[in-house]
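Novice: One structure coming up, written as structure tokens, with questions to follow.
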Amino acid sequence: MTANPALDLAAAVRRGERSAVDVLEEHLARVDATEADVHAFNTVLGERARVAAGEVDAAVARGEDPGPLAGVPIALKDNLCTRGIPTTCSSRILEGWQPPYDATVVTRVAAAGAVAVGKTNLDEFAMGSSTENSAFGPTRNPLDLSRVPGGSSGGSAAAVAAGYAPLALGSDTGGSIRQPAALCGVVGVKPTYGVVSRYGLVAFASSLDQVGPFARTVGDAALLFDVIAGHDPADSTSLPGAAPVASARLGEGVEGLRVGLVTELVGAEGLSAEVVAGTRAAADALAAAGAKVDEVSVPATVYGLSAYYLIAPAEASSNLSRYDGVRYGHRAEGAADITEMYVATRSEGFGAEVKRRIMLGTYALSAGYYDAYYGQAQRVRTLIIRDFDAAYQSFDVLLSPTAPGTAFPLGEKTADPLVMYLNDVCTIPSNLAGHPAMSVPWGAGADGLPLGVQILAPALGETVMFQVAAALEAMAPAGPGSSAR
Ligand code: GLN
């Protein structure tokens, strides 16, 4: 049985065997030891976290139950609003801004007894795959400081991999939880669109964004998923009714389940041979454990990347229009009139990748091009949904690589945006379909760095997705992610 650090800590704190304050100090000591090199955090919440941990201990002393995450340190991506705590999206344009409210997921984890240890670094406004697009400097992969942690939730993935917190929250618009999870050797989950509230998540591309968990184990990821999932009246895209339970069938194995290896995704452009071999080995392991495994074609997924780079920038160009120097953060000084002030503020406040997306999106939405680009991309999206639906007639879950390779050296892919975009070729289709998908560590590459495999499921299929993930975790070849802490 895999030890589950978050589950085990919460159980010990609830029983009064461990103090939440001690647990926190242990994690803060790890932050002190290596954070100067890793730079997982934009803000470390030392004193606030000590107060929160003290309240958990006081509740236990009074005989109360602080909740399923009692005393578990958690890292929060810095695009999740935290009341009175800077929320930067790793952008200069939000400099000095402190949200007047907490995101629903932040409220939920706190109500479950978790202790927020910090706000994690990201690619500016979650646009990127390496965390190198942060205005505050890159995060480094704790397993090899010369490599990226992936992105855009690179700080959250690194915080978990470095042992700063057993749990973290990230956001995933095109792969930003799953890809960094794979590169850092941890578990990362993108829930079904609408299952986790996005109230208080700073919007990037609203039809794609979802908040989700990072953890060291599948059991811990399920624990956090079950805390954050569920209807929220404050988010108009939140699904009504009960959310699927991630922890319901974790120990049940895969006997009789039908698993489809997606032909187009194992054959996608730019995948390293060891990634393909790893994914096939994972499929073989599931077959040996009693699953019915076959290849399946999901043809329209080959257009996923192209459709995403029209839809996501189009929505971003609209969402980011609110940063005008009036309502939030940074304002350029000395402009002659308001138009000049807008232009100067946005020119100074946004980094190169964000400007590129705003320009791409504005172009895709402009009169005369709208049908050819945005409209066409939306039609591709419908085809992807149809092709997935057809595959799920015959399969319970699908399998693919998560990322094209292991963690790459800092600077290697910054010169050519298209090369960076290719990182998400296997993760984007699930965002376009609104389906859940997760990455589980699966051994290591020749460079000794972790590999991940992706499990995809139909909408609201989290229970079976986690069931398969737990089986894979139990059979996975040893990886650096499993021994680093
Ligand atoms: N890497 C993708 C992008 O740059 C996905 C980002 C995300 O999921 N937030 O848009």
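Where a number appears in this text, it was derived from the coordinates with a stated rule and is not lab data. What you are looking at is a predicted structure, and each value in this text was computed from that prediction instead of being measured. Heads up, the Cβs are rebuilt from the backbone with ideal geometry, glycines too, and the neighbour counts pull from every protein chain shown.
Novice: Over the chain, consider all pairs of different Cα atoms and compute the Kirkwood hydrodynamic radius from their mean reciprocal separation; express it in Å, one decimal.
Specialist: 22.1 Å
Novice: Under the rule of -39500 (n - 2.57) per DSSP H run of 4 or more residues, summed and divided by the residues of the chain, what mean residue ellipticity at 222 nm is obtained, to the nearest 500 deg cm²/dmol?
Specialist: Numbers: 17 runs with 189 residues, N = 485.
Dividing the helical sum by the residues of the chain leaves -12000 deg cm²/dmol.
Novice: Lys and Arg at +1, Asp and Glu at -1: add these up for the other residues within a Cβ distance under 10 Å of N42 and post the number.
Specialist: +1
Novice: Between S366 and V343, how high is the FRET efficiency from 1/(1 + (r/R0)^6) when r is the Cβ-Cβ distance and R₀ = 22 Å? Nearest 0.05.
Specialist: Once rounded, the FRET efficiency stands at 0.75.
Novice: Of L224, A476, L9, which is farthest along the charge dipole of the chain in the positive direction, counting Lys and Arg as +1 and Asp and Glu as -1 at C-beta?
Specialist: L224
Novice: Stretched out fully, how many nm does the piece from V245 to S207 gain, at 0.36 nm a residue minus the Cα gap?
Specialist: Details: separation 38, 0.36 × 38 = 13.68 nm, distance 2.34 nm.
Residue separation times 0.36 nm, minus the Cα-Cα distance, leaves 11.3 nm.
Novice: For V262, list long-range residues whose amide hydrogen, built 1.01 Å from N in the peptide plane, is under 5 Å from its own amide hydrogen.
Specialist: It is V296, L399, by chain and number.
Novice: So, one more: How large is ³J(HN,Hα), in whole Hz, for each residue of segment 122-134 in order, when computed from phi with the Karplus curve 6.51 cos²θ - 1.76 cosθ + 1.60 and θ = phi - 60°, using x for Gly and Pro?
Specialist: Per-residue couplings from phi come out as 8, 5, 3, 6, 6, 9, x, 10, 9, 6, 7, 8, 6 Hz.
Novice: Arranged by the count of other C-beta atoms within 10 angstrom, fewest first, what order do M420, M438, M359 take?
Specialist: M359, M420, M438
Novice: For a protection proxy built on the mean count of beta-carbon atoms within 10 angstrom, sort 403-411, 146-154, 83-91 highest first, please.
Specialist: So the order, starting with the most tightly packed, is 146-154, 83-91, 403-411.
Novice: Let me ask something else. Between the alpha-carbon centers of segment 332-371 and segment 382-447, tell me the distance in whole angstrom.
Specialist: Using only Cα atoms to place each centre, the spacing works out to 30 Å.
Novice: Assuming a ≥ b ≥ c are the square roots of the Cα gyration tensor eigenvalues, decide whether segment 352-432 counts as rounded (a/c under 1.5), prolate (otherwise, with a/b larger than b/c) or oblate.
Specialist: Verdict is oblate for segment 352-432.
Novice: Dipole magnitude of the chain about its Cα centre, charges +1 at Lys/Arg Cβ and -1 at Asp/Glu Cβ only, in debye to the nearest 20?
Specialist: 380 debye
Novice: A follow-up question, please. Based on the alpha-carbon gyration tensor of segment 349-485 and its eigenvalue square roots a ≥ b ≥ c, which shape applies: rounded if a/c is under 1.5, prolate if not and a/b is larger than b/c, or oblate?
Specialist: oblate
Novice: Restricting to bridges with both residues inside the chain, how much of the DSSP beta-bridge set is antiparallel, in percent to the nearest 5?
Specialist: Values: 29 of 45 bridges.
Among the beta bridges of the chain, antiparallel pairing accounts for roughly 65 percent.
Novice: Between D447 and Q393, what is the label-to-label distance in nm when each label sits 7 Å out along the Cα-to-Cβ direction?
Specialist: Inter-label distance under the simple model: 4.2 nm.
Novice: Could you tell me how far the Cα centroid of segment 101-174 sits from the Cα centroid of segment 235-280, in Å?
Specialist: 22 Å
Novice: With the Cα gyration tensor of segment 187-278 giving a ≥ b ≥ c as the square roots of its eigenvalues, does the rule (a/c under 1.5 for rounded; else a/b larger than b/c for prolate; else oblate) give rounded, prolate or oblate? Walk me through the intermediate numbers first.
Specialist: Working: a/c = 2.14, a/b = 1.40, b/c = 1.52.
Oblate shape, in that a/c is at least 1.5 and b/c is the bigger or equal ratio.
Novice: Additional query: For T43, what residues show an amide H to amide H distance below 5 Å, using hydrogens built from the backbone and excluding near sequence neighbours?
Specialist: K119
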